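Structure first, commentary second.
The values are calculated or read from the model by the stated rules, or taken from the named source; none is laboratory data. Treat the numbers as computed from the prediction; the structure is a model and nothing was measured. Glycine also receives a Cβ, built like all others from the backbone with ideal geometry; neighbour counts cover every protein chain displayed. Ligands, DNA and RNA are excluded from the accessible area calculation, which covers all protein heavy atoms including side chains. Shrake-Rupley method; radii C 1.70, N 1.55, O 1.52, S 1.80 Å.
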Amino acid sequence: MQVLVCGGAGYIGSHMAKWLAARDVAVTVLDNLSTGHREAVQWGELVQADLLDPASLDRAFAGRRFDAVMHFCARSLVGESMTQPYAYYANNVSGTLNLLQAMQQHGVGRLVFSSTAAVFGQPTRDRIDEDHPRAPINPYGASKLMVERMLTDAYAAYGLRSVALRYFNAAGASPDGDIGEAHTPETHLIPNVLRAALGTGPALKVFGDDYPTADGTCVRDYVHVDDLAQAHLLSLAYMDQHAGAHVFNLGNGRGFSVREVIGAAEQVSGKVVAHEIAPRRAGDPAVLVASSERVRTELGWQPKYTALAPIIESAWRWHCKPSF
Ligand code: UDP
């Protein structure tokens, strides 16, 4: 089997490429290296192409045969999407449309798409299932919801089979510590907590402690990046059996607050995480926790990391590497 991993130089995409290669799936990585890291492309050939440049996409597909595409290229920061919405609609919506058209021109009929819990907006239930109303409160979530709609239309018109996986909070690093999460600038909670612990980053800013949650800080559902990769591989098999445009929520079904993440990181690292309370970040809902029932029963997904400490431990190991 041949899989094109778009965004394979990035955080989740590189873990995916490694996961596939370990299971004898042939991988090609497509990336424009705008935020990805060349050194993270260790499994499969790197093809430099840009989703906003259809000619470069055409060149990437020409002369290669792919059974499926996994699409991780995206702008994915909630706060940034509030101040730069055009960048989000261009990259995430127009870029994906270009990719779908290239797939159609080159006869590739299967896609696993990285969607997000941000399509739901403010939750109206404790556990968010797939049928929860979609009402995004930031351009990032809106852009991903538009693509979900495009995939429904693409199946109806062209028969494109797809699985959209709505990630909750991707976290952790490869257990052997060779790849992990690195963004510049880093905005994500767990890397920022660990950098504060190591002293390689500033004191953590806790964005709001007046949310309607048990300790006042935001609650999120953290999923290990290898568990995400497992769900993508299961999605390929699922599409063999099931035509259609499918969506699954991909979270553990357990929420942890920012304060709980700080506490777990202090335990794992044995260090103090310096932190201060800062104003709320625009676009953040108070609580986002998945119902993972459908992905478990339909896809057969069984996450290995269900507690917070092992997820943070894997990230900590990577952050402690001398080369980091
Ligand atoms: N957060 C925080 N300080 C940081 C980064 C994040 O308090 O330096 C909070 C953020 O407000 C959110 C949670 O941690 O409630 C997770 O944020 P992250 O950016 O990691 O992921 P997101 O939920 O935006 O996908």
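As a check on your grasp of the helix formula, calculate [θ] at 222 nm for the chain: sum -39500 (n - 2.57) over DSSP H runs of n ≥ 4, divide by the residue count, round to the nearest 500.
It lands at -10500 deg cm²/dmol.
Could you do me a favour and compute the accessible area per residue for the chain, 1.4 Å probe, result in Å²?
Solvent-accessible surface per residue comes out at 42 Å².
Given H placed 1.01 Å from N in the peptide plane, which residues other than close sequence neighbours of H246 have an amide H under 5 Å from its amide H?
HN-HN under 5 Å from H246: S162, V163, A164.
Nearest 5 is fine: what % of DSSP beta bridges in the chain come out antiparallel, could you say?
5
Could you work out what % of the accessible surface of the chain is carbon and sulfur, using a 1.4 angstrom probe and leaving DNA, RNA and ligands out of the count?
Whole-percent figure for carbon plus sulfur exposure: 50.
Given charges of +1 on the Cβ of Lys and Arg and -1 on the Cβ of Asp and Glu, with all other atoms neutral, how large is the dipole of the chain about its Cα centre, in debye to the nearest 20?
120
Gap in Å between the Cα centre of region 228-260 and the Cα centre of region 12-64?
21
Hey, what do the phi angles of region 204-210 turn into as Karplus ³J(HN,Hα) couplings, whole Hz, using 6.51/-1.76/1.60 and θ = phi - 60°, x for Gly and Pro?
Listing the rounded values in order: 5, 9, 8, 7, x, 10, 10 Hz.
Can you tell me, using C-alpha contacts under 8 Å and at least 6 residues apart, the relative contact order of the chain as a whole percent?
The normalised contact order for the chain reaches 19 percent.
Beyond 22 Å between alpha-carbons counts as too far, so tell me which of K205/K271; K18/K321; K205/K321 fall in that bin.
The pairs that break the limit, which is 22 Å between Cα atoms, are K205/K321.
Tell me the relative contact order for region 1-130 as a rounded percent, counting alpha carbon contacts under 8 Å between residues six or more apart.
25
If you restrict to DSSP beta bridges whose two residues both lie in region 181-318, what percentage is antiparallel, to the nearest 5?
Within region 181-318, antiparallel bridges account for around 25 percent of the total.
Within region 123-213, report the chymotrypsin sites (Phe, Trp or Tyr not before Pro) that DSSP leaves as loop and that have at most 16 other Cβ atoms within 10 Å.
Here no chymotrypsin sites (Phe, Trp or Tyr not before Pro) fit, given the DSSP loop and packing criteria.
When the dipole is taken about the Cα centre of region 1-58, and only Lys, Arg (+1) and Asp, Glu (-1) are charged at their Cβ, what size is it in debye, to the nearest 20?
In debye, rounded to 20, region 1-58 gives about 260.
What size of dipole, in debye to the nearest 20, comes out for region 230-324 about its Cα centre when the only charges are +1 on Lys and Arg C-beta atoms and -1 on Asp and Glu C-beta atoms?
Here region 230-324 has a charge dipole of around 200 debye.
Could you work out the relative contact order of region 166-324, using alpha carbon pairs under 8 angstrom and six or more residues apart, expressed as a whole percent?
This gives 38 percent for region 166-324.
At D209 and Q122, where each label point lies 7 Å from the Cα along Cα→Cβ, what is the point-to-point distance in nanometres?
Reported label-point gap for D209 and Q122 is 2.4 nm.
Can you tell me which of 188-195, 55-62 comes out highest on packing, and rank the rest after it, using the mean Cβ neighbours within 10 Å?
Top of the packing list down: 188-195, 55-62.
Between D153 and H183, with labels modelled 7 Å along Cα→Cβ, what's the label distance in nm to one decimal, could you check?
Each label point is offset 7 Å from its Cα along the Cβ direction, giving 2.8 nm.
Find how many whole Å separate the alpha carbon centroid of region 73-95 from the alpha carbon centroid of region 107-160.
15
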